[in-house]
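The values are calculated or read from the model by the stated rules, or taken from the named source; none is laboratory data. Everything quoted here is computed from the prediction, not taken from an experiment. We place every Cβ from the backbone using ideal geometry, glycine too, and count neighbours over all the protein chains shown. To get the accessible areas, we keep the full protein, side chains included, count just its heavy atoms, and leave off ligands, DNA and RNA. Shrake-Rupley method; radii C 1.70, N 1.55, O 1.52, S 1.80 Å.
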Amino acid sequence: MKQLLVLILCPLLLLAVKPCHAQTDLYTDSIQRFLQSPVPDTGKLYLFTRLAQLPDCPADTLLKYEKLFYDYAVKHKLQAAVPEALYHIGLAHFKNTGLSEAADFFYRSAQLWEKSGDKPLELSRAYELLAAIYKTTDRYKDALQYYRQAYRLKSTLNNEQALISTYNGMGNVFRLLNQSDSAIIYLKKSLALARQAKNTLYIAQVTNNLGNIYWQLEQFNEAHNWYATALASFEELGSQHNIREASFNLGMIAYKQKNYQQAINYFTQSLDVTEEGAPLEHLEWIHQHLGACYAALHQYQKAYEHFDAYDTIKDSLFSLNTQKAIADVREKYETEKKEQALKVEKERTQNLSELNQKSRLLIYLLIFIAILIAFLGFFMVRDSRKKRLIANQLAEIKQKENEQLVREQALKANIAMLEGQEAERQRISMELHDRLGGTLASLKFMLQSLYGKDASVNAHSQKIDMLLQDALKDVRGISHNMSVGILHKYGLVEAIQDLKETVETAGNTQVIVSMQGASHLAKHKAEEVYYIIRELLTNAVKHAKATEIYIQCYAEEEILLLTVEDNGVGFDAGLRAKGIGLTNIEARAHKIHAQMDIESSPGNGASFFFRIPFV
């Protein structure tokens with residue numbers, strides 16, 4: 001009865017006592033005294049778990065709770081609770097920006113969960129936090145590796161919603177790696193799942209990240225749409241900090257597009273929600289751009305007010321040493337100015353002559369002329385540079401046009417060659433199947449008719465049958481490999497699955513296939529996609545020595561996005577020599593009006609991206 005009462009009091013204690021900064025030590029002491037009472041293990045573990053999730057406590061206080069959790073689990077040999085305690089200690093260090101300590105505890109918890117093998121969701125979360133630490137410390141490739149490990153674990157859970165954070169994290173890492181196409185693919189996957197789950201927070205975060213990518217690509221209209229969606233979600237959540245950032249980003253897009261009134265509205269909204277203690281740099285940027293917008297609209301009074309506020313904030317950003325130096329210089333200047341004024345006052349006559357007046361006017365005129373000449377010289381130099389820049393750009397455009405013409409001619413030649421090869425392959429395939437296959441089958445029937453009539457033939461009948469059967473099998477296999485019969489009979493998806501099984505059967509390479517929307521491709525485009533994937537699989541296994549290959553298709557409106565990635569030796573995409581394989585792939589992509597991009601570097605595998613129009 002006493003143990004039951006304690007179990008009931010555990011959650012009540014957590015709900016009744018909400019520690020603040022002033023009550024932290026008292027609350028910790030009360031918890032420790034409570035834990036020393038004869039509470040069953042299940043009750044104490046429940047209490048520790050809830051302590052680790054308290055949102056209002058400082059990171060240092062949470063760290064105390066979670067160390068108590070770990071010590072208790074180790075002391076009582078509660079093996080299942082040890083990795084969880086280590087994970088929560090890592091979280092406390094992470095919140096306290098102790099990234100090195102956090103990584104150590106996440107590693108330890110991950111190792112224990114890997115060993116037990118019964119906590120895939122918890123292990124994937126540890127991987128994602130390790131990825132976040134590597135992303136924060138600019139180790140983007142390591143971060144991507146851990147996100148992919150988390151993806152593999154979550155893919156086994158039959159819960160797509162668990163992949164929202166993973167796709168979002170992978171998209172952000174690809175953005176930092178300047179791999180925009182991959183970033184957009186994964187962020188849109190995350191967004192689709194977040195919308196399906198009606199998760200407003202992730203919808204806001206992912207759409208804001210998509211806005212950042214399109215901003216970097218200088219596709220401002222697309223960036224505006226995503227930022228506007230993010231702003232609406234942040235307003236629904238009431239997140240003032242994010243509303244401030246999103247409205248400022250929208251203001252910058254409007255400013256870039258010279259839509260100054262709209263930019264003023266967004267900048268003003270950002271200024272209105274800027275909380276006390278916000279970075280002065282943000283206020284500096286807002287006032288600077290508001291001043292520029294009002295000046296562009298000829299509202300000079302408001303422009304002056306914001307430029308004045310901008311100067312004030314800018315001055316306040318000086319360091320104390322700089323301000324002190326300025327004060328010292330000002331004081332010396334004022335002292336020297338006063339001494340000079342006294343000296344001049346003694347020397348000046350009470351009545352200034354007309355000559356002095358004319359001299360002063362002449363000096364002012366000379367200064368004005370000098371300034372005017374300087375401005376004219378500046379604009380002339382700028383105009384000359386602009387003309388040279390335009391001439392260089394025109395020359396580059398002409399050179400690119402010539403290169404494009406040569407490249408298109410080469411592609412047309414390759415396409416013609418490929419079409420001839422395909423026709424010849426089909427002809428040979430039919431000849432092998434219809435003529436040689438038929439001849440071998442007829443020979444088999446003739447020999448079978450001799451069995452029993454000729455003793456010498458009958459003695460070798462079994463061996464003859466085996467050789468003829470092998471020959472027929474080889475002819476049919478060669479004919480099958482040279483044709484696209486399975487593609488025409490069952491479609492692209494089944495043909496790719498057949499390729500996957502062939503590659504995995506031939507060696508130790510794992511092929512992961514996800515074909516969504518591929519069935520909508522026209523027949524002639526499906527054939528070229530099949531040959532492209534087959535060539536890439538051959539290159540990955542034969543040349544790149546890959547052990548894992550990913551094939552993904554994703555339909556987006558009237559475009560099919562095809563991605564083929566491997567973990568092989570990679571190559572320098574900028575310095576690669578185009579062999580027959582890559583040349584054929586490029587020719588096939590050009591034949592179906594597909595856009596092809598390659599991302600690879602030595603030691604980091606290769607990624608091929610294709611944008612294939614359905615029409």
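Figures for the structure shown
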{"item": "Members of region 74-85 that are without any contact (Cβ under 8 Å) to a residue 24 or more places away in the chain and either assigned to a helix (DSSP H, G or I) or open to solvent by less than 30 Å² (accessible area, probe 1.4 Å) (or both)", "result": "74, 75"}
{"item": "Any chance residue 67 is modelled with pLDDT of 70 or more, open to solvent by 70 Å² or more (accessible area, probe 1.4 Å) and outside any helix (DSSP H, G or I)", "result": "no"}
{"item": "Index of the failed condition, residue 238 passing every other in (1) under 17 Å from residue 272 (Cα atoms); (2) surrounded by 16 or more Cβ atoms within 10 Å (Cβ to Cβ)", "result": "(2)"}
{"item": "Region 128-161: number of residues that are in contact (Cβ under 8 Å) with a residue 40 or more places away in the chain and buried (at least 19 other Cβ atoms within 10 Å of the Cβ)", "result": "3"}
{"item": "Count of region 114-154 residues which are of a type in the set (A, V, I, L, M, F, W, C) and touching an Asp or Glu at 6+ places or on another chain (Cβ under 6 Å)", "result": "1"}
{"item": "Residue in region 115-122 that is buried (at least 17 other Cβ atoms within 10 Å of the Cβ), of a type in the set (A, V, I, L, M) and at negative phi present", "result": "no"}
{"item": "Scope region 195-231; condition of a type in the set (A, V, I, L, M, F, W, C) and open to solvent by less than 30 Å² (accessible area, probe 1.4 Å); matching residues", "result": "203, 204, 206, 210, 213, 223, 230, 231"}
{"item": "Tally, over region 241-272, of residues that are of a type in the set (A, V, I, L, M) and open to solvent by 60 Å² or more (accessible area, probe 1.4 Å)", "result": "0"}
{"item": "Residue list for region 208-217, restricted to those being assigned to a helix (DSSP H, G or I) and either more than 15 Å from residue 166 (Cα to Cα) or charged (D, E, K, R) (or both)", "result": "208, 210, 211, 212, 213, 214, 215, 216"}
{"item": "Close pairs from region 86-102: first open to solvent by 10 Å² or more (accessible area, probe 1.4 Å), partner at pLDDT 80 or above and in a loop (DSSP other than H, G, I, E, B), Cβ under 7 Å, at least 6 apart", "result": "99/137"}
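Residues are listed down the side, and each one gets a yes or a no for (1) among the polar types (S, T, N, Q); (2) exposed (fewer than 10 other Cβ atoms within 10 Å of the Cβ); (3) touching a helix residue (DSSP H, G or I) at 6+ places or on another chain (Cβ under 7 Å); (4) modelled with pLDDT of 75 or more:
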{"site": "302", "(1), (2), (3), (4)": "no, no, yes, yes"}
{"site": "332", "(1), (2), (3), (4)": "no, no, no, no"}
{"site": "340", "(1), (2), (3), (4)": "yes, no, no, no"}
{"site": "356", "(1), (2), (3), (4)": "yes, no, no, no"}
{"site": "377", "(1), (2), (3), (4)": "no, no, no, yes"}
